[in-house]
There are 4 protein chains.
Amino acid sequence: MKNIRTDLAVEAHELSKKQAKNATQIDGVISSVEEADGIGITRVEITNENGSKALGKAIGSYVTIDAPDLKYSLDVYEKVCNIIADEIRGMANIKSDSLTLVVGLGNRDITPDALGTSVVSKLLVTHHIKQNMSDLLGDNISGVCAIAPGVLGTTGIETADIIKAVTERVKPQLIIAVDALAAADIQRVSTTIQISDTGIQPGAGVGNNREGLNEKNTGVKVIAIGMPTVIDASTISKVEIPEELAPLMVTTKDIDLVIERASKAVANGINLALHQNMTLRDVECYVG
Amino acid sequence: MKNIRTDLAVEAHELSKKQAKNATQIDGVISSVEEADGIGITRVEITNENGSKALGKAIGSYVTIDAPDLKYSLDVYEKVCNIIADEIRGMANIKSDSLTLVVGLGNRDITPDALGTSVVSKLLVTHHIKQNMSDLLGDNISGVCAIAPGVLGTTGIETADIIKAVTERVKPQLIIAVDALAAADIQRVSTTIQISDTGIQPGAGVGNNREGLNEKNTGVKVIAIGMPTVIDASTISKVEIPEELAPLMVTTKDIDLVIERASKAVANGINLALHQNMTLRDVECYVG
Amino acid sequence: MKNIRTDLAVEAHELSKKQAKNATQIDGVISSVEEADGIGITRVEITNENGSKALGKAIGSYVTIDAPDLKYSLDVYEKVCNIIADEIRGMANIKSDSLTLVVGLGNRDITPDALGTSVVSKLLVTHHIKQNMSDLLGDNISGVCAIAPGVLGTTGIETADIIKAVTERVKPQLIIAVDALAAADIQRVSTTIQISDTGIQPGAGVGNNREGLNEKNTGVKVIAIGMPTVIDASTISKVEIPEELAPLMVTTKDIDLVIERASKAVANGINLALHQNMTLRDVECYVG
Amino acid sequence: MKNIRTDLAVEAHELSKKQAKNATQIDGVISSVEEADGIGITRVEITNENGSKALGKAIGSYVTIDAPDLKYSLDVYEKVCNIIADEIRGMANIKSDSLTLVVGLGNRDITPDALGTSVVSKLLVTHHIKQNMSDLLGDNISGVCAIAPGVLGTTGIETADIIKAVTERVKPQLIIAVDALAAADIQRVSTTIQISDTGIQPGAGVGNNREGLNEKNTGVKVIAIGMPTVIDASTISKVEIPEELAPLMVTTKDIDLVIERASKAVANGINLALHQNMTLRDVECYVG
């Protein structure tokens, strides 16, 4: 796996199997695949330290949704919203008195890094309404608050520190962290969404969150949702590219459109998971 | 002062004098005016509770910079940068080992409310570099970190709570809070910058920060910098406009340009104040 | 009608009736109202010079759609899309070999003036595909091309001149021109869409198109679609505001959201009118 | 030169020399290099058909400005503005009664393709003022108008057709066309500006202008100014990437900042060339 950077457990698994020739299975890694209506769902469970080391990922569950037609098909978009909602509900016990903090990571001024901030702008936040005018809200609307903490280079503060500070004050039962990812395979860029219950790993994403974000450093379960929007230039380049010289990224020409559509799918997946009596149409009325 | 909303102490003072006919002076309010090169500087000191009540503003110093040509003249822009830097240094003792947290208030998606977030994007933040690679920085570069916490309606969290949480963790010696303001007089919109050492008052700005932000609730001195970008429709309207019906604002047609230019002046004023060995040209190299 | 500026025929009609006391009807003006599901449709026909003079509008048909819930309700949005499509088809004979030029007027950098450019970005343009790969397209997909010509202040060219030049070269059978309008009544801002077969009148809109745009100066029928996004400050102000001093506008605080939602309704109304075999869901797949 | 796409004559020249081993010189190509203060200027003259064929570029002059520090140094920025102005004046005879049409090519919604539209937004356009209020303008202010015609995929009209139509109507003596380019060498991305008197070649740029733009098809001299903002993924990739599968681009992570700074340099270079009595400071007052 030298020189190949991927934030996707499913890719790390494939690369790992390729390196260990003949190995049909790695101890500590269980995976399964299902597919329906042009959408594939791959589940990778890393169950022990050996699996964690082999894949370079934390112990836990990684669900990968492959939806090549996400940006073209409303049908696929709607299914992806519902799959995201189901997976979140499967990983966390959302009750109507729960409070969830959604964190949109990344730099809004670098388009391929703007997935997290774009998702945050499309959420149906309710925490302030529940505190003051909760009778305005129907049943099964849980508490949601959201921040886009920015990136180290523009805030001067470790992103994890901002999130920990807000978490201590607001006291959510769950954090959902959304970030753009890097993939190794071009075909995964803009088509794959990964959901895991292990949080954000150090150094993931376009913008490099140095400390990571997980239950250990926040005290709260962290579900991470991400989509690869770039391949590191070093992954595909024929020649060695010194990072100082040119911090390059490889992305798709339609990345603005991709971010808009994918962030809508992720945001509405989260909205559906947290507000269980609402339909997709309901949440779209509020947030687009 | 019924029905007239202003965040400017200088306007509150004028309105207050008008209401108290014959009154040449109000107990607890001292003001002075100077002017040079087309830029006026008005200082209003509110020295006691009587003055505070008369003007509806907290006890403290309010400096108003009137620069009608700010958006047209580079000369005026440069002078305003230097005046802002001088006033900040006059209000706070900036040393090279100080840490300042700059807070950009307001909603970046409502143009006239985007002054604070735009300023934050133009700052020379140094806190993370000082912590890890301080030898990269020259002398007299103080520590600067910055956040744009968002607004209650999109985060679900009281803005003051986010700032207090980050303040407790980062432990700055000074907060500088930047926000768009409302004025009563059309001629002040986009031409006047107010700097005060009293923090942000509850309900100021376009986006209504409900709790305010001051030394009392943060434990740290708060310098507030603002520019009126709107007049409340109720201030100028012939007819009563119910707020629920239409939350209107009156602003200038060139408000996008105004925000760009004014935020550059405020940001570089802050940059000069906090990095005392740098020239305006130096800071412009980094942040535009 | 002194000092009250409105681009809406329906408002001009009301104001005109108010001024001519006792007059229940004006010669040369016929109007009718219908309402269903919270959406009102008012038709004003100006049939002769007397009506034209009384209302200050050209002879022709003006349809006003009143949809106060457009920005909150997907039901209303869908109905408005279909009403716009029906009205366009009623005013012009769209065939699958027609070519329509859609013109997005206004300044994209002034939010309340960006309706036209935002609509243009959401159109399903087909002219280039029909010319080169027409077998890719299904039946009843007519030819659509689109430009956003900019405004005089940033191009240095009369907007009408750019449109006439492109019209001569591309030779459409129909022009649909979209622009932001000014209203007299606060309640119409962001809630009313006007469609007329008379083109754009000189001086309409936020950005002032000086020559107007109509069949006479383009040689092609011009359907104009607009939504009031501002009230002129002079319309509501208690005091006289000199335009040189402060070119103010009164708009709603949520104008960014309004432009996004209204431009989607107008764009998809146009898409449905011009591509008659497509459903709203079909066009949303392509353009959002 | 198979598989290597470059819009830069200087790169085509280097690649061509490499392929023709031992060849120190190609018939029909003359080049010279000068350097001062960290800025290199390379002049490539293609003087006959042989040179044109060898380099795959039209006969004419190509000036390449290499300024690696353009985005960090105000000194370099100012020098680049002046070099661009000098080169434009050297290629065209600008008089105070000249009319120049500046065309900003590319798609404003794809950041690395937005150089042209960003330049157009920073120009000091004067054509409309000269026609109506010419006494407002000083001496040596020539006529400038500007359009951003969009791209084929969003207008449905060949870009060259829009430009030819506007040219016929406005009748400029000169066209300056600005576009983002593709380079072969990573180090040229965002650091090199090319000015040529040969116009835009078919297929250049990120957005592929299919017909090109030159004196032959417009009847007017066309100066082209461009900066590489991307490398085609196929140029650097280890593996064959099918274009249908993933229209990738390789760009720098700070491309938003690069576009902002480079477009300011190009715009102000053009402003200085066309308004010969103005200083850089003068033009910056108007356009930033």
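The values are calculated or read from the model by the stated rules, or taken from the named source; none is laboratory data. Since the model is a prediction, treat every value here as computed from it, not as a measurement. Glycine also receives a Cβ, built like all others from the backbone with ideal geometry; neighbour counts cover every protein chain displayed.
Filter the range B:42-82 down to residues that are closer than 20 Å to D:Arg281 by Cβ and not polar (S, T, N, Q), then give me how many there are.
14
Of all strands (runs of 3 or more DSSP E) completely enclosed by the range B:124-243, which ones contain at least 2 residues that are modelled with pLDDT under 95 and either more than 14 Å from chain A (Cβ to nearest Cβ) or closer than 25 Å to A:Ala148 by Cα (or both)? Once the strands (runs of 3 or more DSSP E) in the range B:124-243 are filtered for at least 2 residues that are modelled with pLDDT under 95 and either more than 14 Å from chain A (Cβ to nearest Cβ) or closer than 25 Å to A:Ala148 by Cα (or both), what remains is B:174-183, B:221-232.
On the stretch given as the range C:101-116, residues that are within 10 Å of chain D (Cβ to nearest Cβ) and either β-branched (Val, Ile, Thr) or within 14 Å of C:Leu272 (Cα to Cα) (or both) total 1. Answer yes or no as to whether D:Gly90 is closer than 30 Å to D:Asn277 by Cα and free of Cβ contacts under 8 Å to residues at least 40 places away in the same chain. Criteria met by D:Gly90. Tell me, please, whether a residue that is in contact with a Ser or Thr (Cβ under 8 Å, 6 or more places away or on another chain) and over 20 Å from C:Asp161 (Cα atoms) can be found in the range D:153-169. Yes, there is a match, as at least one residue in the range D:153-169 is in contact with a Ser or Thr (Cβ under 8 Å, 6 or more places away or on another chain) and over 20 Å from C:Asp161 (Cα atoms).
Against the conditions (1) within 14 Å of another protein chain (Cβ to nearest Cβ); (2) in contact (Cβ under 8 Å) with a residue 24 or more places away in the chain; (3) of a type in the set (Phe, Trp, Tyr), A:Tyr62 satisfies every one except (1).
From the list A:Gly116, A:Gly106, the one residue that fits, being touching a Gly at 6+ places or on another chain (Cβ under 9 Å), surrounded by 24 or more Cβ atoms within 10 Å (Cβ to Cβ), in a loop (DSSP other than H, G, I, E, B) and not aliphatic (A, V, I, L, M), is A:Gly106.
Reported count of residues in the range A:114-138, each being farther than 24 Å from A:Thr229 by Cβ and hydroxyl-bearing (Ser, Thr, Tyr), is 2.
Scanning the range B:125-149 for residues that are touching a residue at least 60 places away in the same chain (Cβ under 8 Å) and surrounded by fewer than 24 Cβ atoms within 10 Å (Cβ to Cβ), which turns out nearest to B:Val258 (Cα to Cα)? Spell out how you get there, then give the answer.
From the range B:125-149, those touching a residue at least 60 places away in the same chain (Cβ under 8 Å) are B:126, B:138-142, B:144; that's our starting set.
Cutting the leftovers down to surrounded by fewer than 24 Cβ atoms within 10 Å (Cβ to Cβ) gives us B:126, B:138-142.
Working: B:Thr126: 27, B:Gly138: 33, B:Asp139: 33, B:Asn140: 31, B:Ile141: 29, B:Ser142: 29 Å.
The extreme case among them is B:Thr126.
Can you find even one residue in the range C:69-80 that is surrounded by fewer than 19 Cβ atoms within 10 Å (Cβ to Cβ) and away from chain A (no Cβ under 14 Å)? The answer is no, given that none of the residues of the range C:69-80 is surrounded by fewer than 19 Cβ atoms within 10 Å (Cβ to Cβ) and away from chain A (no Cβ under 14 Å).
How many residues, within the range C:34-47, are surrounded by 12 or more Cβ atoms within 10 Å (Cβ to Cβ) and either modelled with pLDDT of 95 or more or aliphatic (A, V, I, L, M) (or both)? So that I can check it myself, show each step before the final result.
Initially, the range C:34-47 is screened for residues surrounded by 12 or more Cβ atoms within 10 Å (Cβ to Cβ), giving C:38-47.
Remaining after also requiring either modelled with pLDDT of 95 or more or aliphatic (A, V, I, L, M) (or both): C:39-47.
Result for the range C:34-47: 9.
Restricting to the range B:150-161, name every residue that is within 18 Å of B:Ile200 (Cα to Cα) and either surrounded by fewer than 21 Cβ atoms within 10 Å (Cβ to Cβ) or touching a residue at least 24 places away in the same chain (Cβ under 8 Å) (or both). Reasoning before the result, please.
So the first thing to find is which residues in the range B:150-161 are within 18 Å of B:Ile200 (Cα to Cα), and the list is B:150-152, B:157-161.
B:Gly150, B:Val151, B:Leu152, B:Glu158, B:Thr159, B:Ala160, B:Asp161 - these are the residues of the range B:150-161 that are within 18 Å of B:Ile200 (Cα to Cα) and either surrounded by fewer than 21 Cβ atoms within 10 Å (Cβ to Cβ) or touching a residue at least 24 places away in the same chain (Cβ under 8 Å) (or both).
If you go through the range D:72-103 and pick out every residue that is assigned to a loop (DSSP other than H, G, I, E, B) and under 17 Å from the mean Cα position of the chain (by Cα), you end up with 1.
With the structure loaded, tell me whether B:Val63 is part of a strand (DSSP E or B) and surrounded by fewer than 18 Cβ atoms within 10 Å (Cβ to Cβ) or whether it fails that test. Before the answer, list the steps.
Details: part of a strand (DSSP E or B): yes; surrounded by fewer than 18 Cβ atoms within 10 Å (Cβ to Cβ): no.
Answer is no for this residue.
Report, by residue number, each residue of the range D:32-60 that is assigned to a strand (DSSP E or B) and under 16 Å from D:Asp197 (Cβ atoms). Can you show your working first?
To start, the set of residues in the range D:32-60 that are assigned to a strand (DSSP E or B) comprises D:32-36, D:39-46, D:60.
Of everything in the range D:32-60, those that are assigned to a strand (DSSP E or B) and under 16 Å from D:Asp197 (Cβ atoms) turn out to be D:Ile41, D:Thr42, D:Arg43, D:Val44, D:Glu45, D:Ile46, D:Gly60.
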